[in-house]
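Working notes, structure below.
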Amino acid sequence: MGSSVNSKPKVIKGPAGYVLEDVPHFSDYIPELPTHSNPLQDNPAYSVVKQYFVHVDDSVPQKIIAHKESPRGVHFRRAGPRQRVYYEADEVQAAIVTCGGLCPGLNTVIRELVCGLNNMYGVKKVMGINGGYKGFYAHNTIALTPKSVNDIHKRGGTVLGSSRGGHDTTKIVDSIQDRGINQVYIIGGDGTQRGASRIFEEVRRRGLKVAVVGIPKTIDNDIPVIDKSFGFDTAVEEAQRAINAAHVEAESIENGIGVVKLMGRYSGFIAMYATLASRDVDCCLIPESPFYLEGPGGLLEFVERRLKENGHMVVVIAEGAGQELVSESMQSMAKQDASGNKLLQDVGLWISHKIKDHFAKLKTMTINLKYIDPTYMIRAVPSNASDNVYCTLLAQSAVHGAMAGYTGFTCGLVNGRQTYIPFYRIIEGQNKVIITDRMWARLLSSTNQPSFIIHKSDTAEENKEEPPSESAK
Ligand SMILES: Nc1ncnc2c1ncn2[C@@H]1O[C@H](COP(=O)(O)OP(=O)(O)O)[C@@H](O)[C@H]1O
Ligand SMILES: O=P(O)(O)OC[C@H]1O[C@](O)(COP(=O)(O)O)[C@@H](O)[C@@H]1O
Ligand SMILES: [Mg+2]
């Protein structure tokens, strides 16, 4: 079996600016592998489907807004079953691992990988790696059968367990070889996909016929390229319960303030969508939009004004918002978790204290503030109906890709279509709320909160005499 240095991006160009950012395939580094006809063609459930197999040239555009003269742009390979497969059913030894923080839907993905492999391709040997990456070399494995995973999608968390840290590429690939694993399904966030990419490179370097497949998991929705991640809808839905509670508490008492902290380390999507969905939120603070507390146009002035107008208010804050302000006022410890992620300070608690201190000093208004931190409750629930369907399609796409000999890719929804995306595109950046986009503008107009950025620059010079009016925002 051949081996070479790290794989290079596979970029295929076509007419009119067409670009396919393709994913690796066994045939790139292992010559003359035998192929077999896809057993799906004899499966009664699929035999009625016209054109069940994906055309070899099918690809999905990354950008679907186009102008008459614009180039066709970047495309990704469309996911789905292929005519020829690179494994026979009894040859496959699949392994599934879940890494990083929890997210609704993990169990559904595990279930559908096991059932998809079994029902579509007759694969019987599937093992679960216990406790994240380190489970490859530090724990026992768990045998997974359609029966044993039958109702796990009704539970939150991951039946396999998860962990941070412990990624040792050599030990992991040694374990893959020792256990005879030839398909690895790796479910996890940005850190996990980085780890998966390293595993793929090592597998390729050793010339192994092992499909390395990533399935993106991120409750924060911070993975680039894909439309959204599984579990996100569930998280937004579950956040409504906390926001409702905050609203009920706030409006039941004079000058009531409800503060709700939601997940979102670097990306405020959960906070933004939960706010847009709820309509009870007066102010949404996210990491992408810096804010300030004191002075004209600041948060405290806005809180005072909203309380005077409405008698109560709800603030939603993403965990990563205002971290620079928290660090300024508290001794930053700059600690990291086992995966190297920066540990954040509790901005919800901090902002609650700041608001309370402000009104205590002001003495003209007595407030009643209730702080709700539902962060772990939101990610520990089972996935909702639409996420369950999404997880099923993702898992099936992953299985089809691996069986067809593709490797070194992450499955993902791009413009509503299932695709195979090369690892480098997934790990090169982060998906963030773009505060100059229409979605954030919609949020600002629905809450009518200050747009702190505009103010801070404007206020320095212009507003020495007079603070800006809300309508000027
Ligand atoms: N740059 C990296 N290279 C290899 N492995 C990594 C890298 N970053 C994170 N990992 C591993 O991926 C796993 C999950 O990462 P983590 O950041 O905790 O969660 P998530 O995948 O949800 O972002 C951990 O086991 C961690 O060691
Ligand atoms: O306390 P833990 O388990 O480290 O998780 C906290 C973090 O996990 C998340 O829910 C998800 O982060 P990952 O995608 O990196 O797993 C973050 O929003 C949060 O900061
Ligand atoms: Mg992460």
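Considering the conditions (1) under 26 Å from ALA274 (Cα atoms); (2) outside the structural domain of MET120 (by TED's automatic domain parsing); (3) more than 16 Å from ligand 3 (Cβ to nearest atom); (4) of a type in the set (Lys, Arg), LYS361 is excluded by exactly one of them, (1). Restricting attention to region 199-233, which residues are within 16 Å of ligand 1 (Cβ to nearest atom) and of a type in the set (Val, Ile, Thr)? Within region 199-233, ILE199, VAL203, VAL212, VAL213, ILE215, THR218, ILE219, ILE223, VAL225, ILE226 qualify.
Please tell me if THR419 is assigned by TED's automatic domain parsing to the domain that holds HIS36, β-branched (Val, Ile, Thr) and modelled with pLDDT of 95 or more. For THR419, the condition - assigned by TED's automatic domain parsing to the domain that holds HIS36, β-branched (Val, Ile, Thr) and modelled with pLDDT of 95 or more - is met.
Tally time: how many residues in region 227-252 are outside any helix (DSSP H, G or I), under 16 Å from the mean Cα position of the chain (by Cα) and among the small types (Gly, Ala, Ser)? Give the derivation first.
So in region 227-252, the residues outside any helix (DSSP H, G or I) come out as 227-231, 252.
Subset that is under 16 Å from the mean Cα position of the chain (by Cα): 227-231.
Imposing the further condition that a residue be among the small types (Gly, Ala, Ser) reduces the set to 229, 231.
Of the residues in region 227-252, 2 are outside any helix (DSSP H, G or I), under 16 Å from the mean Cα position of the chain (by Cα) and among the small types (Gly, Ala, Ser).
For region 213-223, the criterion of a residue being outside any helix (DSSP H, G or I), surrounded by fewer than 24 Cβ atoms within 10 Å (Cβ to Cβ) and within 16 Å of ligand 2 (Cβ to nearest atom) is satisfied by at least one position.
Listed conditions (1) under 23 Å from VAL210 (Cβ atoms); (2) free of Cβ contacts under 8 Å to residues at least 40 places away in the same chain are all met by TYR86, apart from (2).
From the list VAL149, VAL74, pick out the single residue that is away from ligand 1 (no atom under 15 Å from the Cβ) and either in a loop (DSSP other than H, G, I, E, B) or of a type outside the set (Val, Ile, Thr) (or both). Reasoning before the result, please.
On the way: VAL74 fails: either in a loop (DSSP other than H, G, I, E, B) or of a type outside the set (Val, Ile, Thr) (or both).
Testing whether each residue is away from ligand 1 (no atom under 15 Å from the Cβ) and either in a loop (DSSP other than H, G, I, E, B) or of a type outside the set (Val, Ile, Thr) (or both) leaves just VAL149.
Residues that are more than 20 Å from the chain's Cα centre (by Cα), buried (at least 16 other Cβ atoms within 10 Å of the Cβ), over 16 Å from HIS139 (Cβ atoms) and touching a residue at least 60 places away in the same chain (Cβ under 8 Å) within region 170-195 comprise ASN182, GLN183, listed in sequence order.
Given ARG155, ARG194, ARG164, ARG198, which one is more than 16 Å from ligand 3 (Cβ to nearest atom) and of a type in the set (Lys, Arg)? Reasoning before the result, please.
Values: ARG194 fails: more than 16 Å from ligand 3 (Cβ to nearest atom); ARG164 fails: more than 16 Å from ligand 3 (Cβ to nearest atom); ARG198 fails: more than 16 Å from ligand 3 (Cβ to nearest atom).
Unique residue meeting the criteria: ARG155.
The values are calculated or read from the model by the stated rules, or taken from the named source; none is laboratory data. Worth saying up front: this structure is predicted, and the values here are computed from it rather than measured. Cβ sites come from the backbone with ideal geometry, for glycine too, and all protein chains shown count toward neighbours.
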